[in-house]
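S.K.: One structure, as structure tokens, below. Some questions next.
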Amino acid sequence: MAVKKNFNEKYYRVQLFLGYDENGVRKYKNFYGTGKKDAELKRDEYKRLLSSGLSDKNPTLTNSLHEWLFEVIKPSGIKDSTFARYYDHYNAIKSTSMAFMRVADIQAMTIQKILNEMAEKNSYNFVLLIRKFLNRHFTYLVGTNMIMRNPMQGVQLPQKARETRTVSDFTYDPYTKAEKQLILLYMEQNHPVYWVVTSLLFKIGAREGEILGLRENDLLEDSIRIDSSLAWVKVIKPDGTYHYEYQNDSTKNKSSEREVFIDNEVHDLLKKARTLKNISKLKMGAAFTNSDLVFVNPTGSPIDANSYRKYLKKVQKELGLKIKTVHCIRHTFVTEMYEKGVDEMTVQEIIGHTKGSNITRDVYTHLRQENKKERMLKAIR
């Protein structure tokens, strides 16, 4: 609010944020009054007209999405990594023919045609996420009385997109015991820090970001507390500019927050990690970046997950092994738990899967099928 003078008379001005123009510049509407209350009454009446849909200044879809993302979604506490995915959806919609249509004018058939076009060039998951994104936004607009009806009602996932979906996204490719031993031996001799990281991944079945994000206060007397995950995150500003930074985000879901009990072997690995960190600190001196992270690179900065993945791939190439991903280490852990007779629910708790997780169940089901013949023969002997 501002107090202004027109010649010798004072008047009050208040502003209302309306959204963004085609160039991403913030737009405001001014309201003037003889006093503070008078100006605010005029502003509030205009907001009432907007919310009731009676104003002809209903926003374009682009402006509506942009304002919703930065004034509603981002302040809600959403993770920057998730917000960056939402912003990608927003940019995809900006390139469509309905981008500058008024939200009140958008019909189900308009959206259906856009999704049909997207399905010709994009994956099933992409089209599915765009559909969910739009539905969430239009649901919000209905809830705030900006529009009377959600145009997503009746919009179908295109047949073309459904056809690109695989029958099952589950792929099972654990490391063999021989592969595991070769990889760990190579890393121990050539990259001790990555050796400790990889050993822990095999030992407790955690996600790589959960291990790389471990802090000193996460290491308890006989357990490890896992409640965050290190990520290289794109942080986006309202004007579209962005930068990347390391963030210790919350875990994938509530079930991923857990306490994992550890044995002497894991204790020894964590001691080794502290020793390696102290060696780097002595070498770098004042140039070392101090932090409470358990795992750091030689300068003290966080370990980049992409660098770790590339190194894992390089090791497998040099050893002449089949190239497998870091996620296959989790499958290896689950496989070893199955072979030890550990029940599914306990495994889910250890690795941070939700109760009844399809992933854990898929691995167990796959292993049961592999052993079906052996178990049947054993039963009839």
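The values are calculated or read from the model by the stated rules, or taken from the named source; none is laboratory data. Computed from a prediction, not measured in an experiment: that's the story for all the values here. All Cβ positions, glycine included, derive from the backbone under ideal geometry; neighbour counts span all protein chains shown. SASA here: full protein model, heavy atoms, side chains in, ligands and nucleic acids out. Shrake-Rupley method; radii C 1.70, N 1.55, O 1.52, S 1.80 Å.
S.K.: Would you call residue 70 more than 16 Å from the chain's Cα centre (by Cα), open to solvent by less than 30 Å² (accessible area, probe 1.4 Å) and aromatic (Phe, Trp, Tyr)?
M.R.: On the way: more than 16 Å from the chain's Cα centre (by Cα): yes; open to solvent by less than 30 Å² (accessible area, probe 1.4 Å): yes; aromatic (Phe, Trp, Tyr): yes.
The answer is yes for residue 70.
S.K.: Follow-up question, since we're still on this one. Those residues that are of a type outside the set (Gly, Ala, Ser), part of a helix (DSSP H, G or I) and open to solvent by less than 80 Å² (accessible area, probe 1.4 Å), I need them from the range 273-292; list them, please.
M.R.: Initially, the range 273-292 is screened for residues of a type outside the set (Gly, Ala, Ser), giving 274-279, 281-284, 288-290, 292.
In the following step, the residues that additionally are part of a helix (DSSP H, G or I) were identified as 274-279, 281-284.
Matches in the range 273-292: 275, 276, 277, 279, 284.
S.K.: Restricted to the range 217-252, and to residues that are of a type in the set (Lys, Arg) and within 20 Å of the chain's Cα centre (by Cα), which residue is nearest to residue 68 (Cα to Cα)?
M.R.: Narrowing the range 217-252 to residues of a type in the set (Lys, Arg): 225, 234, 237, 252.
The next check asks that each one be within 20 Å of the chain's Cα centre (by Cα); those that pass are 234, 237, 252.
Working: 234: 19, 237: 14, 252: 24 Å.
My answer is 237.
S.K.: Next up: Please enumerate the residues belonging to the range 295-310 that are open to solvent by less than 30 Å² (accessible area, probe 1.4 Å) and part of a helix (DSSP H, G or I).
M.R.: 305, 308
S.K.: What number of residues within the range 190-240 are assigned to a strand (DSSP E or B) and hydrophobic (A, V, I, L, M, F, W, C)? I'd like the intermediate steps shown before the answer.
M.R.: Applying the first criterion (assigned to a strand (DSSP E or B)) to the range 190-240 yields 215, 219, 223-226, 228-236.
Still in the list and also hydrophobic (A, V, I, L, M, F, W, C): 219, 224, 226, 230-233, 235-236.
Looking only at that region, the number is 9.
S.K.: How about the range 88-120: which of its residues are among the hydroxyl-bearing types (Ser, Thr, Tyr), under 26 Å from the mean Cα position of the chain (by Cα) and farther than 14 Å from residue 131 by Cα?
M.R.: So the first thing to find is which residues in the range 88-120 are among the hydroxyl-bearing types (Ser, Thr, Tyr), and the list is 90, 95-97, 110.
Remaining after also requiring under 26 Å from the mean Cα position of the chain (by Cα): 90, 95-96.
Within the range 88-120, just 95 meets the criteria.
S.K.: Taking the range 104-127, which residues are under 18 Å from residue 139 (Cα atoms), touching a Pro at 6+ places or on another chain (Cβ under 8 Å) and open to solvent by 60 Å² or more (accessible area, probe 1.4 Å)?
M.R.: Selection gives 107 alone.
S.K.: Name every residue in the range 99-121 that is within 19 Å of residue 156 (Cα to Cα), part of a loop (DSSP other than H, G, I, E, B) and in contact with a helix residue (DSSP H, G or I) (Cβ under 8 Å, 6 or more places away or on another chain), in order of residue number.
M.R.: 106
S.K.: Do we find that residue 148 is more than 30 Å from residue 233 (Cβ to Cβ), out of contact with any Pro (no Cβ under 9 Å at 6 or more places or on another chain) and in contact (Cβ under 8 Å) with a residue 40 or more places away in the chain in this structure?
M.R.: Numbers: more than 30 Å from residue 233 (Cβ to Cβ): yes; out of contact with any Pro (no Cβ under 9 Å at 6 or more places or on another chain): yes; in contact (Cβ under 8 Å) with a residue 40 or more places away in the chain: yes.
Yes: the conditions hold for residue 148.
S.K.: Please note which helices (runs of 4 or more DSSP H) are completely contained in the range 339-381 and include at least 1 residues that are at pLDDT below 70 and more than 17 Å from residue 205 (Cα to Cα).
M.R.: On the way: elements: 344-351, 358-370, 372-380.
Qualifying helices (runs of 4 or more DSSP H): 358-370, 372-380.
S.K.: Inside the range 73-93, can you point out the residues that are open to solvent by 30 Å² or more (accessible area, probe 1.4 Å) and of a type in the set (A, V, I, L, M, F, W, C)?
M.R.: Hit for the range 73-93 is 78, nothing else.
S.K.: Touching a residue at least 12 places away in the same chain (Cβ under 8 Å), at negative phi, part of a helix (DSSP H, G or I) and exposed (fewer than 14 other Cβ atoms within 10 Å of the Cβ): does that describe residue 317? Let's see the steps before the verdict.
M.R.: Numbers: touching a residue at least 12 places away in the same chain (Cβ under 8 Å): no; at negative phi: yes; part of a helix (DSSP H, G or I): yes; exposed (fewer than 14 other Cβ atoms within 10 Å of the Cβ): yes.
No: the conditions fail for residue 317.
S.K.: Run down 204, 303, 262, 224 and say which single residue is in contact with a Ser or Thr (Cβ under 8 Å, 6 or more places away or on another chain) and of a type in the set (Val, Ile, Thr).
M.R.: Values: 204 fails: in contact with a Ser or Thr (Cβ under 8 Å, 6 or more places away or on another chain); 303 fails: in contact with a Ser or Thr (Cβ under 8 Å, 6 or more places away or on another chain); 224 fails: in contact with a Ser or Thr (Cβ under 8 Å, 6 or more places away or on another chain).
The conditions single out 262.
S.K.: Follow-up. Output the number of the condition that residue 96 fails; it satisfies all remaining conditions of (1) crowded, with 19+ Cβ neighbours inside 10 Å; (2) in a helix (DSSP H, G or I).
M.R.: For residue 96, the exception is condition (2).
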